[in-house]
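What follows is calculated from the coordinates using simple rules that are stated; it is not laboratory data. Note that the coordinates shown come from a computational prediction; the quantities given were computed from them, not determined experimentally. A quick note on method: Cβ atoms are made from the backbone with ideal geometry, for glycine too, and the neighbour counts reach across all protein chains shown.
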Amino acid sequence: MHPQPRTRIGVVKMRSLHWICLIGLIVLLDQGTKHLVVRSLEADRPMAILPSVELVLSYNKGISFSWFQFADDIQRWPLVGLSILASGLLGWWLSRVPAGRPILAMGLTLILGGALGNMLDRARIGSVIDFVHVSYKAWSFAVFNFADAAITMGVIATMASTFLERSGACGTVRRAG
């Protein structure tokens, strides 16, 4: 058997498969850490792991950083729908990222993996499982999870790509500066 020549379509499919696998890995790591935390911790009973970092099981019915958190389940399905829509748009954007824009592709991949991880929680149990709490003296940051960290790093990478990677008129990559 002779190996197939590397066509443009074949390269695009391999690159897409690479990003899809990374999205799957992010979702698995997110869901796996949440599973471990749910099995190991009691709700609202913190466990210190570093002087300013503790693990605390928390259920967030709202959006990022516990914004728009209501007592009932009214926002659950609209937020699941919004997550699916946003994930579809991010997937579409990712599928159109040129090969010379790896920082942008990585950023979108991180955001997409994190969004899907949190969406699975919301669809399955009606809230997102958060468990990492960072504080220092009187300052306290919101409780977050692996998916939130992936989304945050993805947003940073996506923004950085606008300064570090630019596509020219013909799709070629030029360094900004």
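Worth pointing out:
- Take 46-56, 87-97 and order them by the average number of nearby Cβ atoms within 10 Å per residue, most first; the result is 87-97, 46-56.
- Between the stretch 145-159 and the stretch 78-95, the Cα center-to-center distance that results, in Å: 15 Å
- Ranking 105, 53, 79 by how far each Cα lies toward the positive end of the dipole of the stretch 8-174 (charges on Cβ) leaves 105 at the top.
- Highest to lowest packing among 125-132, 113-120, 18-25, 102-109, scored as the average C-beta count within 10 Å: 113-120, 102-109, 125-132, 18-25
- In this rough spin-label picture, where each label sits 7 Å from Cα along the Cβ direction, the residue 22-residue 153 distance is 1.0 nm.
- Distance between the pseudo-spin-label points of residue 92 and residue 125 (7 Å out from Cα toward the beta carbon): 3.3 nm.
- Cβ crowding within 10 Å, taken as a proxy for footprinting-reagent exposure, orders 162, 33, 152 from fewest neighbours to most as 162, 152, 33.
- Every Cα-Cα pair of the stretch 8-174 was included, and the share exceeding 27 Å stands at 33 percent.
- FRET efficiency for the pair residue 43 and residue 137, taken as 1/(1 + (r/R0)^6) with r the Cβ-Cβ distance and R0 = 22 Å, rounds to 0.35.
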